[in-house]
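The values are calculated or read from the model by the stated rules, or taken from the named source; none is laboratory data. None of the values given here were measured: they were computed from a predicted structure. Virtual Cβ from ideal backbone geometry, glycine too; neighbours counted across all protein chains shown. The area values use the complete protein model at the heavy-atom level, side chains included, leaving out ligands, DNA and RNA. Shrake-Rupley method; radii C 1.70, N 1.55, O 1.52, S 1.80 Å.
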Amino acid sequence: NIGAQRFLPTEVSLPALREAARRCEGCDLYRDATQTVFGEGVPDARFMLVGEQPGDQEDQEGAPFVGPAGRVLDRALEEAGIDREAVYVTNAVKHFKFTPGGKRRIHQKPTVGEINACRPWLEAEMLLVDPEVTVVLGATAARALLGPDFRVTRRRGEPVPRREGAYYVATIHPSAILRAPDRDEAYAGFLADLTVAARTAA
Ligand code: URA
Ligand code: SF4
């Protein structure tokens, strides 16, 4: 993993980053994936949502959170009163990691090395969008943004200062709701955390 840093463009803008990220070879994940899935949304969004990595459908469509997890996220954002037009959505890792099992591709968790390799893209997006509230979706995003000691299960739904007037709010990953034994309960907890995020923005 040589890291994404050397693939960053000299021009610092979201369009320039997105274009440069298409050619990133900062870790091995670019080899088997279809394409880089860069962040999308409003450039001056008040909310930034950070997931783990693109899933199967995101890999094919080239956009974040357009599959099953995205539908859960869309519903919860609406219920929490966060306009999807007011958000920028991205992932800690920009390429889909999977094992090619038959015709379905099975999602695999990115390693710490891959998370670190990809972090320059996420850091650049954070600098440019500079949201009031960054919603950290699950352990991988938490690792990338809050470090190895942060525990989502202990600190979810709690505003954590990022800079003066800006916060992180961590919660579970929407995919975890789809796998939960009690989906309704998992969803209710997720919605409660997003409601905290909505109220945290001034
Ligand atoms: N899960 C994620 O973490 N990100 C996506 O874009 C889709 C599913
Ligand atoms: Fe580059 Fe990130 Fe893709 Fe690795 S996962 S090749 S660091 S964009």
(request) Among the residues of segment 105-154, write down those that are crowded, with 21+ Cβ neighbours inside 10 Å and charged (D, E, K, R). (result) Glu114, Glu125, Arg143
(message) Pull out all pairs, ordered by first then second residue, where Cβ-Cβ is under 6 Å, the residues are six or more apart or on different chains, the first lies in segment 148-159 and is over 16 Å from Leu194 (Cα atoms), and the second is surrounded by 14 or more Cβ atoms within 10 Å (Cβ to Cβ) and not basic (Lys, Arg).
(response) Phe150/Ala142
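From the residues in segment 42-56 that are of a type in the set (D, E, K, R) and part of a loop (DSSP other than H, G, I, E, B), which one is least open to solvent (accessible area, probe 1.4 Å)? Give the steps one after another, and end with the answer.
From segment 42-56, those of a type in the set (D, E, K, R) are 44, 46, 52, 56; that's our starting set.
Add one more test, that the residue is part of a loop (DSSP other than H, G, I, E, B), and what stays is 44, 46, 52.
Numbers: Asp44: 117, Arg46: 93, Glu52: 25 Å².
By that ranking, first place goes to Glu52.
For segment 131-147, give me each residue that is outside any helix (DSSP H, G or I) and either at negative phi or free of Cβ contacts under 8 Å to residues at least 60 places away in the same chain (or both). First the steps, then the outcome.
At the first step, the residues of segment 131-147 found to be outside any helix (DSSP H, G or I) are 131-138, 147.
Pro131, Glu132, Val133, Thr134, Val135, Val136, Leu137, Gly147, listed by residue number.
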(request) Considering only residues that are surrounded by 14 or more Cβ atoms within 10 Å (Cβ to Cβ) and more than 16 Å from ligand 1 (Cβ to nearest atom), look in segment 29-41 and name the one that is farthest from Glu114 (Cα to Cα). (result) Asp32
(message) Given (1) near ligand 1 (Cβ under 10 Å from one of its atoms); (2) aliphatic (A, V, I, L, M); (3) free of Cβ contacts under 8 Å to residues at least 12 places away in the same chain, identify the lone condition not met by Leu49.
(response) (3)
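Quick one: would you say Arg104 is of a type in the set (Lys, Arg) and farther than 17 Å from Gly55 by Cβ?
Details: of a type in the set (Lys, Arg): yes; farther than 17 Å from Gly55 by Cβ: no.
Considered against the rule, which asks whether it is of a type in the set (Lys, Arg) and farther than 17 Å from Gly55 by Cβ, Arg104 comes out as no.
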(message) Can you tell me which of (1) in contact (Cβ under 8 Å) with a residue 60 or more places away in the chain; (2) within 16 Å of ligand 1 (Cβ to nearest atom) is the one Arg179 doesn't meet?
(response) (1)
(request) Tell me which residues, restricted to segment 7-22, are more than 9 Å from ligand 2 (Cβ to nearest atom) and either touching a helix residue (DSSP H, G or I) at 6+ places or on another chain (Cβ under 9 Å) or at pLDDT below 95 (or both). (result) Leu8, Pro9, Thr10, Glu11, Val12, Ser13, Leu14, Leu17, Ala20
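Would you confirm whether or not segment 71-92 contains a residue that is at pLDDT below 95, open to solvent by less than 50 Å² (accessible area, probe 1.4 Å), out of contact with any strand residue (DSSP E or B) (no Cβ under 7 Å at 6 or more places or on another chain) and over 27 Å from Glu164 (Cβ atoms)? Can you show your working first?
Keep residues of segment 71-92 that are at pLDDT below 95, which gives 83-86.
Going one step further and asking which of them are open to solvent by less than 50 Å² (accessible area, probe 1.4 Å), we end up with 86.
Subset that is out of contact with any strand residue (DSSP E or B) (no Cβ under 7 Å at 6 or more places or on another chain): none.
For segment 71-92, residues at pLDDT below 95, open to solvent by less than 50 Å² (accessible area, probe 1.4 Å), out of contact with any strand residue (DSSP E or B) (no Cβ under 7 Å at 6 or more places or on another chain) and over 27 Å from Glu164 (Cβ atoms): absent.
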(message) For segment 111-120, check the following and say yes or no: at least one residue is over 12 Å from the mean Cα position of the chain (by Cα), outside any loop (DSSP other than H, G, I, E, B) and modelled with pLDDT under 95.
(response) no
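Look at segment 9-28 and say how many of its residues are in a loop (DSSP other than H, G, I, E, B) and surrounded by fewer than 19 Cβ atoms within 10 Å (Cβ to Cβ).
Pass one, segment 9-28, residues in a loop (DSSP other than H, G, I, E, B): 9-13, 22-27.
Of the ones still in play, those that are also surrounded by fewer than 19 Cβ atoms within 10 Å (Cβ to Cβ) are 9-13, 22-23, 25.
Residues flagged as in a loop (DSSP other than H, G, I, E, B) and surrounded by fewer than 19 Cβ atoms within 10 Å (Cβ to Cβ) within segment 9-28 amount to 8.
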